[in-house]
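K.L.:
Quick one: this structure, given as structure tokens, is what I'll be asking you about.
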Amino acid sequence: LLTSLFIVPSASSEVILGENAVVVSMLNQDPDPVGKDDYVTVRFKVENLGNEKVEDLSLQLSPEFPFSFDSDSGMKNIGSLGVVQAGDHAVVLKYKLRVDPNAVSGYNSIDVSLLKKGRVQFTKQFEIEIDTLDANLQVGSITSSPLSIVSDTDEIKFDVQIQNIGDDDAKSIIAELE
């Protein structure tokens, strides 16, 4: 049996198994992006675009920092893919990963391997986006007008300076004065 390997850029990977083309693609991640010390669900679609049934397939997700499994081994049995089993008839596999509390913002790779009869046919890296949301706010200064406040003052103006000392931009800030 002659096996050729073709890697399709970016969103999917394809391997030719005899007369069959098995394609693995990442459908989505939820949430997108995911925060650090949170969980992300990643869905992969496995299709057979060939004209013969492919048997004894499995998909292995091999997480490395900043991803890990709480209890899952990462190996999921696909079983068989029928002739031209694609589109709405494709197999969709779902994995739940934990994102490390020390993760950094950006795209992080995860390895996904397609196995036939327990032997790796190909491994592809897919990207999962992490946004750490490391805004860290602190009060810089507070001034009032008038400078001296007494109990019978009718109107007081406060100027509160807030500083972001974190790594990321702060957005949609709501402050309450009590």
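K.L.:
What single numbered condition from (1) on the phi < 0 side of the Ramachandran plot; (2) under 23 Å from the mean Cα position of the chain (by Cα) fails to hold for residue 147?
P.N.:
Checking residue 147 against (1) on the phi < 0 side of the Ramachandran plot; (2) under 23 Å from the mean Cα position of the chain (by Cα), the one that fails is (2).
K.L.:
Shifting gears a bit: With the structure loaded, tell me whether residue 84 is β-branched (Val, Ile, Thr) and open to solvent by 30 Å² or more (accessible area, probe 1.4 Å) or whether it fails that test.
P.N.:
When the stated conditions are applied, residue 84 passes them.
K.L.:
Do we find a residue being in a strand (DSSP E or B), modelled with pLDDT of 95 or more and open to solvent by less than 70 Å² (accessible area, probe 1.4 Å) anywhere in the range 5-17?
P.N.:
Looking for residues that are in a strand (DSSP E or B), modelled with pLDDT of 95 or more and open to solvent by less than 70 Å² (accessible area, probe 1.4 Å), one finds none in the range 5-17, hence no.
K.L.:
For residue 72, indicate whether it is open to solvent by 20 Å² or more (accessible area, probe 1.4 Å), free of Cβ contacts under 8 Å to residues at least 40 places away in the same chain, over 30 Å from residue 165 (Cα atoms) and among the acidic types (Asp, Glu).
P.N.:
Yes: the conditions hold for residue 72.
Residues checked against (1) touching an Asp or Glu at 6+ places or on another chain (Cβ under 7 Å); (2) over 16 Å from residue 42 (Cα atoms); (3) modelled with pLDDT under 85:
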residue: 81; (1), (2), (3): no, yes, no
residue: 115; (1), (2), (3): no, yes, no
residue: 122; (1), (2), (3): no, yes, no
residue: 127; (1), (2), (3): no, no, no
residue: 145; (1), (2), (3): no, yes, no
residue: 166; (1), (2), (3): yes, yes, yes
residue: 173; (1), (2), (3): no, yes, yes
residue: 176; (1), (2), (3): no, yes, yes
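K.L.:
Does the range 130-139 include one or more residues that are among the β-branched types (Val, Ile, Thr), in contact with a Phe, Trp or Tyr (Cβ under 7 Å, 6 or more places away or on another chain) and within 27 Å of residue 44 (Cα to Cα)?
P.N.:
no
K.L.:
From 108, 164, which residue is under 25 Å from residue 25 (Cβ atoms), polar (S, T, N, Q), open to solvent by less than 90 Å² (accessible area, probe 1.4 Å) and touching a residue at least 12 places away in the same chain (Cβ under 8 Å)?
P.N.:
108
K.L.:
Got a sec? Which of 37, 30 is open to solvent by 60 Å² or more (accessible area, probe 1.4 Å) and in contact with a Pro (Cβ under 7 Å, 6 or more places away or on another chain)?
P.N.:
Going through 37, 30 in turn, the sole match is 37.
K.L.:
Tally up the residues in the range 79-105 that are under 21 Å from residue 131 (Cα atoms), free of Cβ contacts under 8 Å to residues at least 60 places away in the same chain and among the hydroxyl-bearing types (Ser, Thr, Tyr), please.
P.N.:
Result for the range 79-105: 1.
K.L.:
Residues 76, 53: which one is over 30 Å from residue 133 (Cβ atoms), among the basic types (Lys, Arg) and modelled with pLDDT of 95 or more?
P.N.:
The unique qualifying residue is 76.
K.L.:
State yes or no: is residue 101 surrounded by 12 or more Cβ atoms within 10 Å (Cβ to Cβ), farther than 29 Å from residue 51 by Cβ and either at pLDDT below 95 or not hydroxyl-bearing (Ser, Thr, Tyr) (or both)?
P.N.:
Considered against the rule, which asks whether it is surrounded by 12 or more Cβ atoms within 10 Å (Cβ to Cβ), farther than 29 Å from residue 51 by Cβ and either at pLDDT below 95 or not hydroxyl-bearing (Ser, Thr, Tyr) (or both), residue 101 comes out as no.
The values are calculated or read from the model by the stated rules, or taken from the named source; none is laboratory data. As the structure is a prediction and not an experimental result, all values here were calculated from the model. Reconstructed Cβ throughout: ideal geometry from the backbone, glycine too, with neighbour counts over all protein chains shown. Each accessible area value is taken on the protein alone, full model and side chains, heavy atoms only, with ligands, DNA and RNA left out. Shrake-Rupley method; radii C 1.70, N 1.55, O 1.52, S 1.80 Å.
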